[in-house]
1. Could you tell me whether any residue of the range 120-128 is out of contact with any helix residue (DSSP H, G or I) (no Cβ under 6 Å at 6 or more places or on another chain) and either assigned by TED's automatic domain parsing to the domain that holds Thr52 or over 23 Å from Ala33 (Cβ atoms) (or both)?
2. Taking Pro116, is it over 29 Å from Arg142 (Cβ atoms), over 14 Å from the mean Cα position of the chain (by Cα) and not charged (D, E, K, R)?
3. Condition first: out of contact with any strand residue (DSSP E or B) (no Cβ under 7 Å at 6 or more places or on another chain) and either loosely packed, with under 14 Cβ neighbours inside 10 Å or touching a residue at least 60 places away in the same chain (Cβ under 8 Å) (or both). Now tell me which residues in the range 5-22 satisfy that.
4. Any residue in the range 59-70 that's free of Cβ contacts under 8 Å to residues at least 12 places away in the same chain: show its pairings with residues that are not polar (S, T, N, Q) at Cβ separation under 7 Å, as long as the two are six or more apart or on different chains.
5. Restricting to strands (runs of 3 or more DSSP E) lying wholly in the range 66-151: which have 1 or more residues that are surrounded by fewer than 12 Cβ atoms within 10 Å (Cβ to Cβ)?
6. For a quick check of your reading of the model, give me the residue pairs whose first member lies in the range 35-46 and is closer than 10 Å to Thr24 by Cβ, whose second is at pLDDT below 70 and among the hydroxyl-bearing types (Ser, Thr, Tyr), with beta-carbon atoms closer than 8 Å and at least 6 apart or on different chains.
7. Filter the range 17-44 down to residues that are of a type in the set (D, E, K, R), more than 23 Å from Arg103 (Cα to Cα) and not in a strand (DSSP E or B), then give me how many there are.
Amino acid sequence: MTSTKQLWKVSAAGNEEPVQITKTGAAFGRESADGRYVYYSTFRPGMENKYTGIWCIPVEGGEAEQVLDQDVEWLHWDLAGNRLYFATPVRGERFSFSFKDLRTGEQEEFFRLEGPYVLDSFGVQENEEWVYFAYGSSEESRDIMLVENFR
């Protein structure tokens, strides 16, 4: 076992030893639609509250590749189809919602949340018809917003 947070692959039957997938730390992971890759966020070395974008690694092992070089918190991104959806802060307490096409590398903003807000979880429906996120004006107050027809 390691002293940092990592992603591990475990047999559903529970009859095999867990296999560590990440080596340099991971805060949150998502499996690609084809099951061949794991996308994950990780922390900057020595900074447990600063993220280094989104990374990708083959499930069967190999080298990690950074697919998004923007600071994205662990609950502020999701995968759907061939797109990576994410929210990033813009000058304080406003957020930009964007997607990156993982095949072409093209990136596009599709929504802005004008603040001041605190953003919690974020997700995308598998067929990409809507996104949702939890947000509020303080740490104690949250609403859930569902955005349809956003593209």
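The values are calculated or read from the model by the stated rules, or taken from the named source; none is laboratory data. Given the structure is predicted, the values throughout are model-derived calculations rather than measurements. Positions of Cβ are backbone-derived with ideal geometry, glycine not excepted, and every protein chain shown enters the neighbour counts.
1. Of all residues in the range 120-128, those out of contact with any helix residue (DSSP H, G or I) (no Cβ under 6 Å at 6 or more places or on another chain) come to 120-128.
Imposing the further condition that a residue be either assigned by TED's automatic domain parsing to the domain that holds Thr52 or over 23 Å from Ala33 (Cβ atoms) (or both) reduces the set to 120.
Yes, the range 120-128 has at least one match.
2. Details: over 29 Å from Arg142 (Cβ atoms): no; over 14 Å from the mean Cα position of the chain (by Cα): yes; not charged (D, E, K, R): yes.
Against the criterion (over 29 Å from Arg142 (Cβ atoms), over 14 Å from the mean Cα position of the chain (by Cα) and not charged (D, E, K, R)), Pro116 does not qualify.
3. Just the residues of the range 5-22 that are out of contact with any strand residue (DSSP E or B) (no Cβ under 7 Å at 6 or more places or on another chain), to begin with: 5, 10-17.
Answer for the range 5-22, where residues must be out of contact with any strand residue (DSSP E or B) (no Cβ under 7 Å at 6 or more places or on another chain) and either loosely packed, with under 14 Cβ neighbours inside 10 Å or touching a residue at least 60 places away in the same chain (Cβ under 8 Å) (or both): Val10, Ser11, Ala12, Ala13, Gly14, Asn15, Glu16, Glu17.
4. Close Cβ pairs (under 7 Å, with a partner that is not polar (S, T, N, Q)) amount to Glu65/Trp55; Glu65/Cys56.
5. Values: elements: 77-80, 83-90, 94-101, 107-113, 118-124, 130-138, 141-148.
Result: 107-113, 130-138, 141-148.
6. Thr42/Tyr51; Phe43/Tyr51
7. Residues of the range 17-44 of a type in the set (D, E, K, R): 17, 23, 30-31, 34, 36, 44.
Cutting the leftovers down to more than 23 Å from Arg103 (Cα to Cα) gives us 17, 23, 44.
So of that shortlist, the ones also not in a strand (DSSP E or B) come out as 17, 23.
Count: 2.
Results for (1) in contact with a Phe, Trp or Tyr (Cβ under 9 Å, 6 or more places away or on another chain); (2) over 24 Å from Glu31 (Cα atoms); (3) at pLDDT 80 or above, shown as yes or no for each residue.
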| residue | (1), (2), (3) |
| --- | --- |
| Thr52 | yes, no, no |
| Val72 | yes, no, no |
| Gly136 | yes, yes, no |
| Met145 | yes, yes, yes |
| Arg151 | yes, no, no |
